[in-house]
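Please treat every number below as a calculation from the coordinates, not as lab data. Since this is a predicted model, take the numbers as computed values, not measurements. Don't worry about glycine lacking a Cβ; one is built from the backbone with ideal geometry, like all the others, and counts go over all protein chains shown.
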Amino acid sequence: MSESQTNAAAAKPSLSVVIPVYNEEANLPALLERTLAACRAIGCPFEIVLANDGSRDKSGEILAKAAAEHPEVVAVFLNRNYGQHNATFAGYAHASGDFIVNIDADLQNPPEEIHKIYEKLAAGHDVVAGRRMHRQDSPLRKIPSWVVNRMIRKSTGVDMHDYGCMLRGYTRAVVQAMLSCEERTPFIPVLANSFASNPCEVDVAHAERFAGESRYSFLKLVNLQFDMLTGMTTAPLRALSFAGLGVFLIGLALSAYIVVMRIRLGDAWTNDGVFTLFAVLFFLVGAQFLGMGLLGEYIGRIFKNVGARPRYLIQQIKGKSPLK
């Protein structure tokens with residue numbers, strides 16, 4: 001690179017690409033090669049921060065080797081598995097760029113799309129969300145994702161369409177604000193939007209998983225949705241109050257109807273009231289269990305936050321950022 005090209009690159013805002021990694025040994029060689037090439041093509045100072053989230057395969061060895069071979073690569077090793085979002089936070093804490101872009105390690109979000117996020121950030125947006133086009137997921141994941149995205153838009157008032165896409169970018173100010181939060185079960189896209197003054201979306205490509213199987217089982221996806229829902233709004237509690245009022249009004253109307261029909265047609269119409277009683281009982285018991293479940297989610301979240309345990313524990317760091 002010539003001196004003029006070096007000066008031009010230095011004048012551009014620096015970039016940190018943060019990637020959480022968990023048992024991705026089959027994807028890492030291609031991920032590193034493609035991400036390095038994509039960042040070099042942007043022509044700005046950059047680093048790639050990979051957070052090894054307690055991988056049990058050879059991911060740690062590959063990351064350590066990459067950090068030794070490439071001055072742009074920093075590998076942060078957590079002592080055990082803490083989950084994707086907490087591992088991403090560990091990467092944020094060691095990112096030094098003006099702009100921070102996170103991406104998954106499975107290559108479903110192609111690294112070649114990073115430049116779209118960078119360009120939007122450079123244009124003055126403080127939060128840039130990728131919107132996956134032509135998603136390569138099964139209907140079992142697409143349909144719940146569509147429902148959850150609509151719920152989030154209604155609850156937060158931020159008109160974004162794909163909160164499940166982890167190809168997203170933030171300014172350093174937004175990342176610092178997120179790092180200052182003490183909640184123990186963060187959902188990054190929603191948390192970032194709470195600090196955004198000029199967010200936007202950009203269409204990005206989506207591919208099938210490069211190798212291996214998804215780390216998100218159905219149960220993990222359900223847990224993630226509960227974390228997201230209880231972490232962003234108290235709307236479910238408010239909805240529970242309205243549901244209780246609705247149940248009360250329905251019960252009141254049904255009671256009045258039964259009294260009128262019993263006076264007009266006698267006991268035979270209600271089979272001495274047994275079936276009606278069971279119908280009302282099951283309805284009320286179901287509503288109560290739903291309410292208890294929602295309250296339990298919020299109480300569990302309070303329990304985690306009050307404990308104030310660290311989100312993660314770093315075991316070691318390989319490599320030194322060229323941006324420092």
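A few notes on this one:
- Vicinal HN-Hα couplings computed from phi for the stretch 168-175 (Karplus, 6.51 cos²θ - 1.76 cosθ + 1.60; Hz; Gly/Pro x): 9, x, 9, 6, 4, 4, 5, 5
- Once the C-beta distance of Q315 and A37 is scaled by a Förster radius of 30 Å, the resulting FRET efficiency is 0.55 to the nearest 0.05.
- Rounded FRET efficiency, nearest 0.05, which uses the C-beta distance separating E183 from L281 and R0 of 45 Å: 0.70
- For F289 and R131, the FRET efficiency from 1/(1 + (r/R0)^6), where r spans their Cβ atoms and R0 equals 25 Å, is about 0.10.
- Full extension of the segment from D57 to V259, taken as 0.36 nm per residue of separation minus the current Cα-Cα distance, would add 65.9 nm.
- For the stretch 161-191, the residues whose backbone nitrogen is under 19 Å from a point 7 Å from the Cα of I302, taken along Cα to Cβ, are 182-186.
- Gained length - A11 relative to Q176, 0.36 nm times residue gap less alpha-carbon distance: 57.2 nm
- Among 39-51, 70-82, sorting by the average number of other beta carbon atoms lying within 10 angstrom of each residue, highest first, gives 39-51, 70-82.
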